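Colleague: Here you go, one structure.
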Amino acid sequence: MTDPRLPEPVDKTDNGYNQVQHRVAELRRSGKLPYSWITDATRRGYHVATFDGEADFLRSVARQYRADVWRDAEVYCEVWCESRSIAGVIQDDCQRLAVSLYPAGGFTSMTLAYQSAEYIRAYAAGRPAVIYYIGDYDPAGVLIDQDIHQKLIEHLEEDVFIDFRRLAITLDQIQRYDLPTKPRKAGDKRASYIDRTVEAEAMPAHILRKMLVDHIESLLPPDAVQAALIEEESARDYLGVLASLREQGG
């Protein structure tokens, strides 16, 4: 909606954003825009899970069971992105393929990089780690992925080899998909070779998601996802039988 090439683009000021926010709220209240289509990653509720007996607990566990789709893969994989908004676009795909997702929130904190490095060390189990990154093409955005890569290397040292790959946005993608650009901010001296900037959100979501899924699946053994689904169904059926036995007093 902020694409400058639109006949009537939204004014990129507080007034323009307030108009968008008001209209989206009215669409949600009217039922034309499902509430679940928009997430708020900055706020959350804290809930305590309770169960109506052992059978209820077993059925809850059954729903959460996930097979390790990466068990026989030659590499470990995870995804980083610059913003929470992009994370919201790709989160379902990362969950389906059992890939950890880290929204950096700009230049990432030392804490988040350390936590990721500890997770990589534990789950890579000596394998190389392939990390895909999605971020803006602007003076800051082209440095954020380099900063994340360097911080991970510092924490992991020589324990795990990091293959860090910028998936989007690239100069080639801007030209190939004719993405809307904006002039760089005046006075920003970083990455002086960039004169026009593109936000990661400018990439059509279906293209970005397919690109990410294709790259992740290329790292998996053939039929790994399908085999994991079969294993999960079998395990859930087994736990369901146990739940039924508990209900019957077995």
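Colleague: Does anything in region 87-115 have its amide N under 13 Å from the 7 Å Cα→Cβ label point of R209, and if so which residues?
Modeller: 87-97
Colleague: Mind ranking 118-125, 41-48, 87-94 by how tightly packed they are, going by the mean number of other C-beta atoms within 10 angstrom, highest first?
Modeller: Highest mean packing first, the order is 87-94, 118-125, 41-48.
Colleague: With a 10 Å radius around each residue's Cβ, average the other Cβ atoms per peptide and rank 29-35, 210-216, 153-159, highest first.
Modeller: Highest mean packing first, the order is 210-216, 153-159, 29-35.
Colleague: Restricting to bridges with both residues inside the chain, how much of the DSSP beta-bridge set is antiparallel, in percent to the nearest 5?
Modeller: That works out to approximately 15 percent antiparallel.
Colleague: Starting from the 7 Å offset along Cα-to-Cβ, what nm value, one decimal, do you get for the label separation of D14 and D163?
Modeller: 4.9 nm
Colleague: Moving on. With label points built 7 Å along Cα→Cβ from the Cα atoms of A191 and R43, find their separation and express it in nm.
Modeller: According to this spin-label approximation, the distance is 3.2 nm.
Colleague: Counting other Cβ atoms within 10 Å of each Cβ, which GluC sites (Glu not before Pro) in region 9-93 have at most 14 and sit in a DSSP loop?
Modeller: E74
Colleague: Checking the a/c ratio against 1.5 first, then a/b against b/c, what shape does the Cα gyration tensor give for region 126-181?
Modeller: oblate
Colleague: Put a dot 7 Å past each Cα toward the Cβ at T170 and K32; how far apart are the dots in nm?
Modeller: 4.0 nm
Colleague: What does the convex hull of the alpha-carbon atoms of the chain project to on average, in nm²?
Modeller: Here the figure is 18.3 nm², rounded to one decimal.
Colleague: Continuing with the same structure: Would you mind pulling out the separation of the Cα centroids of region 130-188 and region 75-106, in Å?
Modeller: Between the Cα centre of region 130-188 and that of region 75-106, the gap is 14 Å.
Colleague: Sort L239, L208 so that the residue with the fewest other Cβ atoms within 10 Å of its own Cβ comes first and the one with the most comes last.
Modeller: Going from sparsest to densest Cβ surroundings: L239, L208.
Where a number appears in this text, it was derived from the coordinates with a stated rule and is not lab data. As the structure is a prediction and not an experimental result, all values here were calculated from the model. Backbone-built Cβ (ideal geometry, glycine too); neighbour counts: all protein chains shown.
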